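The values are calculated or read from the model by the stated rules, or taken from the named source; none is laboratory data. The shown structure was predicted, so the numbers you read here are calculated from the model rather than taken from an experiment. As a convention, Cβ positions derive from the backbone with ideal geometry for all residues, glycine included, and neighbour counts pool all protein chains shown.
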Amino acid sequence: MQGIRSINATKAFAAFMGVFLLMCLAAPQQAHAEVRKADVIAGMTVEQRDVAVAECPSVDAKYAILVDEDGTVYFDRDANQPSQIASITKVMTAIVAIDNAKDGTRVIVSEAAANIGESSANLQEGDEMDLETALKALLVPSGNDAALALAETVGAQMIEADPSAGKDAVSAFVAAMNAKAAELGCENTLYENPHGLDDAEYAGNLHSTAADQAKVAKCAMGYDLIRSIVAGGTTTVSVTRDGKKENVELETTDELLEMYDYTIGVKTGVTDLAGPSFMGAANKDGRELYAIVLGSTDEYQRFADTKNLFVWAYDHVHDLELANSDEVATMTIGGSSREVEVIGEAPLLDWTDKTVKATLADPDATVSVFDLEGNVSQLVTYDELHGTVREGDKVGSIVFKQRNQVIAEQDLIACETVDGPNPLESIGIWWQRLVGGFSGEQAQAEPLVYNVMPVIANYVSNAA
């Protein structure tokens, strides 16, 4: 019996190990993701910041960048180094198609487009569709067939409108892609075709950078049509085929839509030269971010990298309230009475002992802060105030800095009305100051500041 138990136990262990190994093989791996000392975080390398590795995003991609919609760069790994970008090219194709297509454009698939190969929307020669359908076939399944069909159709329209654009429709379209890139401020980008294939007959000097493609991503997400398509995932469209309607299923290549709840696009890319790459966009609570990862080690990792960047940024970027005072006052704003935080009190120079309470011109103002930059300081400056100061009058200003960089400025306004002295009171104050000058008494009230900026670490912890 003891031997049987031993054999059964051995078989059970072997079965367990088999299942365990299969699970390990099936599970996505991130073994190559890392933090590098040369990675740039908000303008400074990891080494310069002397920040803990745990506070930095772990990324596998050869080149990467993370920016917000204002262009603030939060993460940069060799983002200005040129690289192939594969089908990320198609984002610019979509932009140029929308910018240049005539109203009511019908895209027709040529033999060349239908037979281009590689990633495909499964379009057939002679298929006809409207512009939106063609854009879905371009962006959702990364259709090379749709890319060439769009370039041929819209490029021909461009030549018709301006014969100086050339004689070849695709060449005219690609020229417009490069012109648009230059307009966006792309400094190291060259498109040579509308789809991003980069070998055999399409081999050449086509390239871009992560930094340039971040600009393209921001531009693309400014188009409602592109925005809706890339956020929509797998879909079915209708084309006219052999004179009748034919449904075509378009399966998305963007796995991040399922991996990360705040994903809103944008586009995958992969070739042997480019490696697996991705242009991603996310929006959480109204804060929009764009991430470009080029040259990942595998197709899953490009999504893992992008998610890591988004999660890291949203963990470290916060809205900081500018008014942080225990003193409050009631004033009228926009026709309604409300309570506001008092930033401080400005001295009234015609009095020896009076001040006026001041608040922010926008009492609810916030500023976006990156917590790894450290605490926020403030500098309050009061104006020289004479006579009557009325509620809402400007009485000073306040400047907020983080790492010695100005991140916000606000006017300070009076949140109460304080009358200036009448003629008799002015004579009395003059005499008081004259006599006080000999006795050392104060000539005016001291300026006061009640606002205290919170320690960033504590603020973030409380907000979380």
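Residues being assigned to a helix (DSSP H, G or I), surrounded by 13 or more Cβ atoms within 10 Å (Cβ to Cβ) and modelled with pLDDT under 95 are entirely absent from the stretch 393-408. Of the residues making up the stretch 420-438, none is at pLDDT 95 or above and assigned to a loop (DSSP other than H, G, I, E, B).
Within the stretch 185-226, being aliphatic (A, V, I, L, M) and surrounded by fewer than 19 Cβ atoms within 10 Å (Cβ to Cβ) holds for L190, A200, A203, L225. Determine whether the stretch 307-321 contains at least one residue that is under 23 Å from the mean Cα position of the chain (by Cα), on the phi > 0 side of the Ramachandran plot and modelled with pLDDT of 95 or more. Within the stretch 307-321 (the criterion being under 23 Å from the mean Cα position of the chain (by Cα), on the phi > 0 side of the Ramachandran plot and modelled with pLDDT of 95 or more), the answer is no, since none of the residues qualifies. When restricted to residues that are touching a residue at least 12 places away in the same chain (Cβ under 8 Å) and either in a loop (DSSP other than H, G, I, E, B) or outside the structural domain of E160 (by TED's automatic domain parsing) (or both), the stretch 91-103 contains 2. From the list T366, T359, the lone residue that is surrounded by fewer than 21 Cβ atoms within 10 Å (Cβ to Cβ), out of contact with any helix residue (DSSP H, G or I) (no Cβ under 6 Å at 6 or more places or on another chain) and either under 30 Å from S58 (Cβ atoms) or not basic (K, R) (or both) is T366. Among the residues of the stretch 329-360, those that are in a loop (DSSP other than H, G, I, E, B) and under 25 Å from N422 (Cβ atoms) comprise L349, D350, W351, T352, D353, K354. Counting only helices (runs of 4 or more DSSP H) wholly contained in the stretch 143-240, the ones carrying 1 or more residues that are under 17 Å from A112 (Cα atoms) and among the hydrophobic types (A, V, I, L, M, F, W, C) occupy 144-161, 169-183. Pairs are defined by a Cβ separation below 7 Å, a sequence spacing of at least 6 or placement on different chains, a first member in the stretch 316-328 that is within 18 Å of I343 (Cβ to Cβ), and a second member that is of a type outside the set (G, A, S) and surrounded by fewer than 16 Cβ atoms within 10 Å (Cβ to Cβ); the pairs so defined are L320/T366; E321/T366; L322/T366; N324/V452; N324/P454; V328/E339.
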